[in-house]
Amino acid sequence: MATLYVSPHPDDFRSLLALIAAEFSGASRPQTVTEDPPVSLNARSRPTLVLGAGEGDSVLSGDSAVAWYLADQGKKAGVDAKQQSQVWQWLSFADNELTPVSCLQQSSRAELLRVLKVLNQALEPRTFLVGESITLADMAVATAVLLPFKYPSDRNALTNVTRWFTTCINQPQFLKVLGKVTLLSGMFTTSGPPKTEAQLKKEAKKREKMEKFQQKKETEKKAKPEKKELGVITYNVPTPPGEKKDVVSPLPDAYSPLYVEAAWYSWWEKQGFFKPEYGRKSISEQNPRGVFMMCIPPPNVTGSLHLGHALTNAIQDSLTRWHRMRGETTLWNPGCDHAGIATQVVVEKKLMRERGMSRHDLGRENFIQEVWKWKNEKGDRIYHQLKKLGSTLDWDRACFTMDEKLSYGVQEAFIRMHEEGVIYRSKRLVNWSCTLNSAISDIEVDKKELTGRTLLPVPGYKEKVEFGVLVSFAYKVEDEEVIVATTRIETMLGDTAVAVHPTDPRYQHLKGKTVLHPFCDRKMPIVFDDFVDMSFGTGAVKITPAHDHNDYEVGERHNLPFINILDENGLLINVPPPYLGMKRFEARKAVLQDLKDRGQFKETKDNPMVVPVCSRSKDIVEPLLKPQWYVNCSDMGKQAADATREGRLKIIPDHHLKTWYNWLDNIRDWCISRQLWWGHRIPAYFITVNDPSVKPGEDMDGHYWVSGRSEEEARQKAAKRFCVSVDKITLRQDEDVLDTWFSSGIFPFSIFGWPNETQDLNMFYPGTLLETGHDILFFWVARMVMMGLKLTGKLPFKEVYLHAVVRDAHGRKMSKSLGNVIDPLDVITGITLEGLHAQLTDSNLDPLEAEKAKQGQKSDYPNGIPECGTDALRFALCAYTSQGRDINLDVNRILGYRHFCNKLWNAVKFSMKKSCYLNLNISSPEESVSDRWILSRLSAAVGLCDAGFKAYDFPAITTAIYNFWLYELCDIYLESLKPVFSKAEEDGASQRQALVSRQSLYTCLEVGLRLLSPLMPFVTEELYQRLPRRRPLSDPPSISVTSYPNTEEFCWQSDEVDRDMEFVMSVVKTIRSLRSDYNLNKTRADCYLQCIDPATVSLVQKYCLQIQTLSYSQAIITLPTNKPVPEGCAVAIASDRCTVNLMLKGLIDVEKEVAKLMTKRGDLEKQMEKLRERMVKNDYKEKVPVKVQEQEAEKLRQSQTELDKVKEAVENFKKMMQLSA
């Protein structure tokens, strides 16, 4: 059994939180002990929870960890990831906002009220802080506010907190721990005697002292110099769009994204670098290196760039550029989706806002013209944003899913599949949005989880509507009754049966009986069906076949009537007065009241449930019976699954395969009808035969529907089917349009002109790769695979790479409702905090949510988002993309990659000053050890990048490039070259070596830029254009069309050289560490390296110049082990082969250093003694807040570590003094 160690102090809210969480933990409640945990547990503070009873058991320490574990046991830490994140936010609020102001000695009344008002505002629309029942969030905040909230003078300003607080403290679990809590009327008063004059004077003096201290802090804060702003340099040379950027003018002193990213993209585009035809006579020309083709996941025409797009395009463009640089015939095909529902909603709102008209006022044809007008004005916005990201898409091949070419493909796909019987007509339940008046797909339905009674806003209703309750009522059957329950009481008006389990003994006597509907005298059979759960409720279930998916199947099995009680607007039909024409949720109240009046209502109780919400309109989705078009997916799903099982289609990462197979193996038929005007109108016609010998058909009868490429073709087909002349046929085209995913499903081949045999179709279909997010694996990827196989007999691509979801720095999914969405253009160009706030003000966020989001922005970006640039953003997104993990994007890390760009900039500027000569053979035997090492590391980086791109391992690529440029080229090689170049200027004999080193340096720069180019296209182009050429007449015009470095060409990796340099750097780091310990920041010292054997001596001598340069030493002297080290040296071990002895004698005043250290030692010992005296007092653990205890324990530990270092340094100096005496 678990043991909980808590403080006995009645006001230790941290222990109280753990105790309350324990009460909610259910059967796993631990035993409680009010004493310190055993020393052997190494627990720093109370509360501490020991899981188990023996040694080595798990120990949780601290209120947050303990309370989270206990609350989670009782399912009170949030029902899903979103709620858990919210709970954690409130824990942080309790810890960081409430705790500091909970003691009056530490804060003012005004500050406490400010925090409580924030809490009051948050509680305005809700009963509890997270979800609809008590969670750990309520426990943590209530216990943190327990002491101060007992005493507020004005509760009128805190009505919501009072209501919530009272609700919490009267919960049985709270009462068991706290007892009855009385809210006093006086503000911050105590029950003790009034304070004396002396006490009041003392308090006034203390306040005055605190005010002076605060003023001093403010003055110091103002006096601190402002952090240097990142420089913004602009490119001001007049350059017409498409012309090459000026690369003759000197490079600016520092890297600036605004300067670097100017003018390049339009030049790349005009030069045709993005086209597969570049560098060859025609695309049909055989390329031995192969073909790479990938189509973009078409963004919505209504969309604007978000970080999901930025991630997708950073990965796709990097891959495209890599394949292009490998010499493959490369095409990345752009396109845009017409986004049926989203676009129609946008234009409808615009019409109503600007002209006060609905689409019905305009009529279908005029409305569609309005949509096209809007598309032509606004629809290419996202294309401009993609160009800003540097995406090398072939814009001449850009497609829109409503273009004539693609629309023809959509029509052809429907007709072929309809004629084959794969597409068929059926009347079934669909997801219906009453606000949109349309069926919607599963992906457009948000599943809102409720834990109990909840009031939700519904479009078209002034008051919120109640959900999350289970209503029980009785149906009469002869002289007894059967009790049933439902969460949608209004649907009982469409009930046509009551179902019970065939083996339920309670209802065997009711076989063949009927129940009577109370409002329409409808007799409804009691049916026996295995789907009923006997253990749930009464074991009897009401059946509404026309409005519930399970009931629909029961209705089919028992041949029940299907009574549809809702029209497309959510008004009641086929029901008796007074319900006829009522709105659905008004009928909910009316039916409930009438059941009560008749005495057939039994009870209402909370019921956890999932409410389907339309993601577009926020309406409650209704299952509605509608005649629709469906795609039979069973055979296509099997073929798609088989393609993966047989290895013809590869999905990366492979952990998605389990869900891929589960979905395809259990696939349901796909409803493709949408009741919209914007989209591909279904090319199907209902047939009326004007001949008395042919009976009239019904809408859901597929025999009376025909598809055709034109009305005339459809008429001919209809006449042939019914054996009548054409003049006897009347046709009515279906008003509906196709689901947007239908046109997206044929996108990989419709963009090339399918069904026509075009050159592009033959060349680029099937494609090579599909790269997209895993969230549309089924809605798009699976449908492309199924329709590709069905219509072309070929898979649309060979591999699918699925990237992760982008989250914010705290791990929360980026959501408009949270206000934490980051616009990539804001990261690229920078934005102030005020600018970020303004975006929230302009959004549709609830004012309370907007204020919360503003606080989050203020915390995450106190100074706004600095200008990071496209290259840094792309590099960061790729660096984060480890397979299968979500991406918690921290803007500070992106800023770090901007600084990395500055390193590249400075490295190239330094090298250009050294004027590289290019007429030497780079494999010259005169290469120095540093040259050979850097070329070895370059070769290693080439190998890692090559392997990384092939495996879609982007973090491996970014790490290899970053390490090479920053840690190997800049930090080591360039530093080691400085004395070589300096010596060459003074000594003619050294010029030869300097020329060889320049060759190695040029190779590293040129190849390093090519390695980086797919990920950072702008800065690499800018710097590449500044480098001189080895072969100016034949070298490619742009880095984007150079060859990507490969291991066959760069095969200089040497394990021996790498091992030697690894040893050398361990020596260098040891010397640097010693210099730091003794504050030799600017003073060079002699260094004696005592080596264990001749081989090590030889190695040190070989790299002597490098060690001296990199360690900032005066001289490097090697010593064998049998030779004594001169006196006055500090000693450190670099490795088992070498000991470093740094000469300090004469460089520092030893006595002065010892005196300084002894003073510091004394100060530390005094501080520690005071802390210990305070901590050993009897009432310390009861009176001092637990958080303060933890802080003081950590301070004591740090002081002890610092004291140990001081003592060690004093001893070393004393030895030195003895040796010199």
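The values are calculated or read from the model by the stated rules, or taken from the named source; none is laboratory data. Since the structure is predicted, the reported quantities are computational estimates derived from the model, not experimental observations. Here the Cβ positions follow ideal geometry from the backbone for every residue, glycine too, while neighbour counts run over all protein chains shown. Surface accessibility is based on the protein's heavy atoms, side chains included, excluding ligands, DNA and RNA. Shrake-Rupley method; radii C 1.70, N 1.55, O 1.52, S 1.80 Å.
Of 754, 780, all but one fail to be within 22 Å of residue 633 (Cβ to Cβ), open to solvent by less than 30 Å² (accessible area, probe 1.4 Å) and outside any helix (DSSP H, G or I); the exception is 754.
Taking the numbered list (1) of a type outside the set (D, E, K, R); (2) out of contact with any His (no Cβ under 9 Å at 6 or more places or on another chain); (3) open to solvent by less than 10 Å² (accessible area, probe 1.4 Å) in turn, residue 524 passes all entries but (2).
Looking across region 764-777, the residues that are more than 20 Å from residue 411 (Cβ to Cβ) and crowded, with 17+ Cβ neighbours inside 10 Å come down to 764, 767, 768, 769, 770, 771, 772, 773, 774, 777. Within region 332-348, residues that are more than 19 Å from residue 404 (Cα to Cα) have Cβ atoms under 6 Å from residues that are among the hydroxyl-bearing types (Ser, Thr, Tyr) in these pairs: 332/320; 342/302; 346/302, counting only partners at least 6 apart in sequence or on another chain.
Report yes if some residue within region 89-104 is open to solvent by 70 Å² or more (accessible area, probe 1.4 Å), at pLDDT 80 or above and farther than 20 Å from residue 166 by Cα; otherwise report no. Checked region 89-104: at least one residue is open to solvent by 70 Å² or more (accessible area, probe 1.4 Å), at pLDDT 80 or above and farther than 20 Å from residue 166 by Cα.
Would you say residue 838 is at pLDDT 75 or above, open to solvent by less than 20 Å² (accessible area, probe 1.4 Å), in a helix (DSSP H, G or I) and aliphatic (A, V, I, L, M)? Lay out the reasoning, then the answer.
Details: at pLDDT 75 or above: yes; open to solvent by less than 20 Å² (accessible area, probe 1.4 Å): no; in a helix (DSSP H, G or I): yes; aliphatic (A, V, I, L, M): yes.
Here the answer is no, as residue 838 does not meet what is asked.
Contact map, region 638-656: first residue charged (D, E, K, R), second residue part of a strand (DSSP E or B), Cβ cut-off under 6 Å, separation 6 or more or different chains; pairs are 650/799. On the given criteria, is residue 502 in contact with a Phe, Trp or Tyr (Cβ under 6 Å, 6 or more places away or on another chain) and open to solvent by 40 Å² or more (accessible area, probe 1.4 Å)? For residue 502, the condition - in contact with a Phe, Trp or Tyr (Cβ under 6 Å, 6 or more places away or on another chain) and open to solvent by 40 Å² or more (accessible area, probe 1.4 Å) - is met.
When restricted to residues that are of a type in the set (D, E, K, R) and assigned to a loop (DSSP other than H, G, I, E, B), region 333-376 contains 0. Note on region 223-250: residues that are at pLDDT below 85 and surrounded by 10 or more Cβ atoms within 10 Å (Cβ to Cβ) amount to 3.
Here is a list: 1121, 1139. Which entry is β-branched (Val, Ile, Thr) and farther than 27 Å from residue 934 by Cα? Spell out how you get there, then give the answer.
Details: 1139 fails: farther than 27 Å from residue 934 by Cα.
From the options 1121, 1139, the qualifying one is 1121.
Scanning region 930-956 for residues that are of a type in the set (Ser, Thr, Tyr) and in a helix (DSSP H, G or I) returns 930, 936, 939.
Hey, among 455, 470, 493, which residue is within 25 Å of residue 622 (Cα to Cα), open to solvent by less than 70 Å² (accessible area, probe 1.4 Å) and in a strand (DSSP E or B)?
Values: 455 fails: open to solvent by less than 70 Å² (accessible area, probe 1.4 Å); 493 fails: in a strand (DSSP E or B).
When all the criteria are applied, what remains is 470.
Candidates 1164, 1147: the one that is in contact with an Asp or Glu (Cβ under 7 Å, 6 or more places away or on another chain), farther than 30 Å from residue 63 by Cβ and either surrounded by fewer than 14 Cβ atoms within 10 Å (Cβ to Cβ) or modelled with pLDDT of 80 or more (or both) is 1164. If you go through region 281-319 and keep only what is more than 23 Å from residue 745 (Cα to Cα) and charged (D, E, K, R), you end up with 281, 285, 289.
Among all positions in region 488-495, there is no residue which is more than 24 Å from residue 431 (Cβ to Cβ) and touching a residue at least 12 places away in the same chain (Cβ under 8 Å).
Restricting attention to region 375-393 and to residues that are open to solvent by less than 30 Å² (accessible area, probe 1.4 Å) and in contact with a Ser or Thr (Cβ under 9 Å, 6 or more places away or on another chain), the residue that is modelled with the lowest pLDDT turns out to be 379. Which of (1) modelled with pLDDT under 90; (2) buried (at least 20 other Cβ atoms within 10 Å of the Cβ) does residue 478 not meet, given it meets every other one? Result: residue 478 passes all but (2).
Listed by position, the strands (runs of 3 or more DSSP E) enclosed by region 1104-1200 include none that has at least 2 residues that are of a type in the set (D, E, K, R).
Restricting to region 557-595, name every residue that is in a helix (DSSP H, G or I), open to solvent by 70 Å² or more (accessible area, probe 1.4 Å) and more than 25 Å from residue 506 (Cα to Cα).
586, 589, 593
Only one entry in 1080, 1099, 1089 is in a loop (DSSP other than H, G, I, E, B), in contact with a strand residue (DSSP E or B) (Cβ under 9 Å, 6 or more places away or on another chain) and crowded, with 18+ Cβ neighbours inside 10 Å, namely 1080.
Out of everything in region 1109-1138 that is among the polar types (S, T, N, Q) and in contact with a Phe, Trp or Tyr (Cβ under 9 Å, 6 or more places away or on another chain), what residue ends up being surrounded by the fewest Cβ atoms within 10 Å (Cβ to Cβ)? Please lay out each step first, then the result.
Step one: filter region 1109-1138 for residues among the polar types (S, T, N, Q), giving 1109, 1111, 1113-1114, 1118, 1121-1122, 1135.
Filter once more, so that each one left must be in contact with a Phe, Trp or Tyr (Cβ under 9 Å, 6 or more places away or on another chain): 1118, 1135.
Details: 1118: 18, 1135: 14.
In this case the residue turns out to be 1135.
Test residue 330 against the criterion of being assigned to a strand (DSSP E or B), at pLDDT 90 or above, among the polar types (S, T, N, Q) and under 14 Å from residue 949 (Cβ atoms), and give yes or no. So residue 330 fits the description; yes. Residue check: residue 631 meets all listed conditions (1) modelled with pLDDT of 95 or more; (2) in contact with a Gly (Cβ under 6 Å, 6 or more places away or on another chain) but one, namely (2). Here residue 540 does not qualify as surrounded by 19 or more Cβ atoms within 10 Å (Cβ to Cβ) and touching an Asp or Glu at 6+ places or on another chain (Cβ under 7 Å). Among the residues of region 284-327, write down those that are of a type in the set (Asp, Glu) and open to solvent by 20 Å² or more (accessible area, probe 1.4 Å). Passing the criteria: only 285. So in region 783-808, with the set limited to residues that are of a type outside the set (Gly, Ala, Ser), under 17 Å from residue 672 (Cβ atoms) and out of contact with any Ser or Thr (no Cβ under 9 Å at 6 or more places or on another chain), which one is most open to solvent (accessible area, probe 1.4 Å)? Out of the qualifying residues, it is 790.
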